[in-house]
Amino acid sequence: MAIERTLSIIKPDGVEKNVIGKIIAQFQESGLNPVGMRMVHLSQQEAEGFYAVHKERPFFGELVEFMTRGPVVVMVLEGEDAVAKNREVMGATNPDEADEGTIRALYATDIGENTVHGSDSPENAEKEIRYFFSDVQYFPGN
Ligand code: CMP
């Protein structure tokens with residue numbers, strides 16, 4: 001297994017529910033440690049840019065509105081198989097289908113307000129980390 005990095009976002013509902021600390025503790029207990037972290041209130045343009053891949057989806061407007069509702073915590077998580085491990089710890093996108101004890105089963109409201117985002121592949125993890133964090137710090141020499 002390889003040490004990887006992945007992008008995690010604690011979404012506005014997670015911040016509003018005052019569970020930032022619990023979520024980060026759950027990541028760390030699973031071997032995912034933050035190596036970069038910042039709290040930011042996304043602009044419409046920043047949220048649209050991040051989710052550009054979904055722009056033709058019927059829920060795109062709702063998604064952007066939700067993600068700009070309040071501050072989020074963006075993190076680079078590092079650990080063994082971080083991309084897959086993060087998705088396991090988050091649980092399924094729809095909290096009704098998420099395994100017991102996963103972050104979404106514990107805290108999410110519904111498929112839209114699902115508390116956390118995680119990169120879905122190592123390639124997207126690199127793109128998403130670059131979107132929020134500086135190349136100088138995370139990809140020195142590139
Ligand atoms: P995320 O992993 O952040 O990536 C895209 C997001 O779109 C996803 O989590 C969900 O929050 C959201 N999403 C996916 N399907 C729907 C849907 N049917 N209705 C509303 N939001 C959705």
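The values are calculated or read from the model by the stated rules, or taken from the named source; none is laboratory data. A quick note: this is a predicted structure, and the numbers were derived from the prediction, not measured. Using ideal geometry, Cβ is built from the backbone for each residue, glycine included, and neighbour counts are taken over all protein chains shown. Only protein heavy atoms, including side chains, enter the accessible area calculation; ligands, DNA and RNA are left aside. Shrake-Rupley method; radii C 1.70, N 1.55, O 1.52, S 1.80 Å.
Exactly one of these conditions fails for residue 93: (1) over 15 Å from residue 9 (Cα atoms); (2) hydroxyl-bearing (Ser, Thr, Tyr); (3) without any contact (Cβ under 8 Å) to a residue 24 or more places away in the chain. Give me its number.
With (1) over 15 Å from residue 9 (Cα atoms); (2) hydroxyl-bearing (Ser, Thr, Tyr); (3) without any contact (Cβ under 8 Å) to a residue 24 or more places away in the chain applied to residue 93, the lone miss is (1).
With respect to residue 79, is the statement that it is of a type in the set (Gly, Ala, Ser), in contact with a Lys or Arg (Cβ under 9 Å, 6 or more places away or on another chain) and either touching a residue at least 40 places away in the same chain (Cβ under 8 Å) or away from the ligand (no atom under 11 Å from the Cβ) (or both) true?
Here the answer is yes, as residue 79 does meet what is asked.
Taking the conditions exactly as written (at pLDDT 95 or above, more than 16 Å from the ligand (Cβ to nearest atom) and surrounded by fewer than 18 Cβ atoms within 10 Å (Cβ to Cβ)), does residue 31 satisfy them or not? Spell out the reasoning first.
Values: at pLDDT 95 or above: yes; more than 16 Å from the ligand (Cβ to nearest atom): yes; surrounded by fewer than 18 Cβ atoms within 10 Å (Cβ to Cβ): yes.
Yes: the conditions hold for residue 31.
Taking the condition of being surrounded by 14 or more Cβ atoms within 10 Å (Cβ to Cβ) and of a type in the set (A, V, I, L, M, F, W, C), how many residues in region 36-48 meet it?
3
What are the residues in region 90-106 that are part of a helix (DSSP H, G or I) and of a type in the set (A, V, I, L, M, F, W, C), if any? Don't jump to the end; show me each part of the working.
Let us first name the residues in region 90-106 that are part of a helix (DSSP H, G or I), namely 90, 95-97, 103-106.
Result: 90, 103, 105, 106.
Whether any residue in region 51-58 is touching a residue at least 12 places away in the same chain (Cβ under 8 Å) and open to solvent by 40 Å² or more (accessible area, probe 1.4 Å) is what I want to check. Please lay out each step first, then the result.
So the first thing to find is which residues in region 51-58 are touching a residue at least 12 places away in the same chain (Cβ under 8 Å), and the list is 51.
Narrowing the set further to residues that are open to solvent by 40 Å² or more (accessible area, probe 1.4 Å) leaves none.
There is no residue in region 51-58 that is touching a residue at least 12 places away in the same chain (Cβ under 8 Å) and open to solvent by 40 Å² or more (accessible area, probe 1.4 Å).
Could you tell me whether region 111-123 includes any residue that is more than 15 Å from the chain's Cα centre (by Cα) and hydroxyl-bearing (Ser, Thr, Tyr)?
no
Any residue in region 107-121 that is part of a helix (DSSP H, G or I), out of contact with any strand residue (DSSP E or B) (no Cβ under 6 Å at 6 or more places or on another chain) and within 18 Å of residue 13 (Cβ to Cβ)? So that I can check it myself, show each step before the final result.
Step one: filter region 107-121 for residues part of a helix (DSSP H, G or I), giving 107.
Add one more test, that the residue is out of contact with any strand residue (DSSP E or B) (no Cβ under 6 Å at 6 or more places or on another chain), and what stays is 107.
Adding the requirement that they be within 18 Å of residue 13 (Cβ to Cβ) leaves 107.
There is at least one residue in region 107-121 that is part of a helix (DSSP H, G or I), out of contact with any strand residue (DSSP E or B) (no Cβ under 6 Å at 6 or more places or on another chain) and within 18 Å of residue 13 (Cβ to Cβ).
If I ask for residues that are assigned to a helix (DSSP H, G or I) and near the ligand (Cβ under 8 Å from one of its atoms), which ones from region 48-66 would you list?
First, pick out the residues of region 48-66 that are assigned to a helix (DSSP H, G or I): 48-50, 52-54, 60-66.
Correct list: 54, 62, 63, 66.
If residue 87 meets every condition in (1) in a helix (DSSP H, G or I); (2) away from the ligand (no atom under 11 Å from the Cβ) apart from one, which number is that one?
Looking at each condition in turn, residue 87 falls short on (2).
List the pairs whose first member sits in region 1-30 and is basic (Lys, Arg), whose second member is crowded, with 20+ Cβ neighbours inside 10 Å and in a strand (DSSP E or B), and whose Cβ atoms are under 8 Å apart, counting only residues at least 6 apart or on separate chains?
Sorted first by the residue in region 1-30, then by its partner, the pairs are 5/76; 5/77; 11/72; 11/116; 11/117.
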